[in-house]
Every structure is written in C-alpha cells, then in structure tokens.
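S.K.: My questions all concern the structure below.
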Ligand code: FNR
C-alpha cells in the first residue's frame, strides 16, 4: 500500500537547510512512502473571521492535507520556537472548530539549525501544538540536526553523516506509518 505523506517545511527561504533536509528525506524514503512537500508560504495570516468564508488558499491547503495519510514537519528554529509560517499553517489546518484536518494522522518532527542545539526548542514547541491536535508524533529517534549546514556539500547533496541520520529517521517513520 502506498502511503502519501505531506511534508511541511517551516522555512520560506530559497536556500533553506530544512528544505534540503525535506528533499533528502523524499529521495531516501522507502518506495511505499510517497512524500510530497505541501507549500505554506502563500497562506494569508490566519484570521478566525475567515472560518465562515475561507480564502481559496486555506481551502486548498486543508483539502490537500486531509487527503494525505500522514504529516512530516521539517522545522527551523526562530527565537527558540517554530517559525510563524509553520504556526500559521498549523492554525489554518486546525479550523473551523471540529473540522481540523490534522486529527489522528501519524506525524513526525525533524528540526535543523546551524546552531549546536539543532532546533530543540522549535521541535518541542511544534510537538506541543501537534499533541493538542491529536497528531500522533513518532517519539524516536528524536532528530535535532545541529550544525545542519555542514550536513550538505556545496552542491546541496547530503553528506554521509547526514545521510545516516536522515535514513534512520525516515525508515523509522515509514514503520510508524505502516503500523498505523
Ligand atoms: C534564527 N536562527 C535561529 N537558530 C537557532 O538555532 N535558534 C534560534 O532561536 C534562532 N532564531 C532565529 C530567529 C530568526 C528570526 C531567524 C531568521 C533565524 C537561525 C536559523 O537557525 C537559521 O537562519 C537557519 O538557517 C534557518 O533554517 P533554514 O531557513 O535554513 O531552513
């Protein structure tokens, strides 16, 4: 059975390390796990007034995530938390009330930062929101990619060290989804 997984990248910048992480995971995932980046940069800031009549971008995003079998988050850390764009996407998907598209999906969080802490703060703030939304987050392997800029060569290819970490993460996530 093919499992379709939405990959949400919390960075909007072109040369994002987290986007490289996401791409590497896409490339090395087992064949039955079909990962696809779902973009969030164009989503207007969440406004509860829009619950009654949502912008087309909200509706498309919600329908896309609803159609997927799981959700995988690759997050940078902004000021010890997840970037606003990531939180915005989570909030948009969570509403209207009782219509959350996140509910009961198998999830996973990976964080990457050039710092030594590897985005630990962002990773766990994100998990806090996912817990409330009933996303079943894989607990292990906890993957906080520190000095993550060094995990990619100048051509953007993942290094051997990076490959080992990412392969372990995606193989365990594949098991998590398969056993769902
Ligand atoms: C950062 N950065 C950062 N890094 C970190 O490890 N902890 C932090 O709290 C922050 N805070 C922070 C705030 C803001 C506003 C910016 C723009 C950046 C640095 C961050 O890790 C770095 O820019 C990464 O390269 C961002 O991830 P992407 O875009 O490469 O995926």
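Just so it is clear, none of the values below were taken in a lab; they were calculated from the coordinates. Bear in mind the structure is a predicted one, so any value in this text is a computation, not a measurement. Every residue, glycine among them, receives a Cβ derived from its backbone with ideal geometry; neighbour counts consider all protein chains shown.
S.K.: How much length is gained if the chain between residue 175 and residue 15 is pulled fully straight, taking 0.36 nm per residue apart and subtracting their Cα-Cα distance, in nm to one decimal?
M.R.: Once the chain is fully extended between residue 175 and residue 15, it gains 54.6 nm.
S.K.: Under 10 Å, Cα contacts only: if you run a Gaussian network model on the chain, which one of 22, 108, 57 comes out with the highest mean-square fluctuation?
M.R.: Maximum fluctuation in the GNM of the chain, among the listed residues, is at 57.
S.K.: Here's another thing I want to ask about it. Run the helix sum for the chain: -39,500 (n - 2.57) per DSSP H stretch of 4+ residues, divided by residue count, reported at 222 nm to the nearest 500 deg cm²/dmol.
M.R.: Calculated mean residue ellipticity at 222 nm is -11500 deg cm²/dmol.
S.K.: On a full-extension model of 0.36 nm per residue, what is the gain between residue 115 and residue 149, subtracting their alpha-carbon distance, rounded to one decimal in nm?
M.R.: Answer, rounded to one decimal: 11.3 nm.
S.K.: In nm, to one decimal, how far is the residue 36 label point from the residue 2 one, both placed 7 Å along Cα→Cβ?
M.R.: About 0.9 nm, to one decimal.
S.K.: Report the residue, chosen from 98, 146, 113, that carries the largest GNM mean-square fluctuation when the chain is represented by alpha-carbon nodes joined by springs under 10 Å.
M.R.: 98
S.K.: Expected output is a single nm value to one decimal: the length gained when fully extending between residue 160 and residue 139, i.e. 0.36 nm times separation in residues minus the C-alpha distance. What is it?
M.R.: Answer, rounded to one decimal: 5.2 nm.
S.K.: Cut-off 10 angstrom, C-alpha nodes, Gaussian network model of the chain. Which of 123, 134, 79 fluctuates the most?
M.R.: It is 79.
S.K.: What is the list of residues in the range 115-144 whose amide nitrogen lies under 19 Å from a point 7 angstrom out from the Cα of residue 99, following Cα to Cβ?
M.R.: Residues 133-134 fall inside that zone.
S.K.: Right, something else. Using the reciprocal of the averaged 1/r over all distinct C-alpha pairs, how large is the Kirkwood radius of the range 3-178 in Å?
M.R.: The Cα-based Kirkwood calculation yields 16.1 Å.
S.K.: On to the next question. Antiparallel as a % of all DSSP beta bridges within the chain, to the nearest 5?
M.R.: Here the antiparallel bridges make up roughly 10 percent for the chain.
S.K.: Considering Cα pairs under 8 angstrom that are at least six residues apart, work out the relative contact order of the chain and quote it in whole percent.
M.R.: Averaging sequence separation for qualifying contacts and normalising by length gives 24 percent for the chain.
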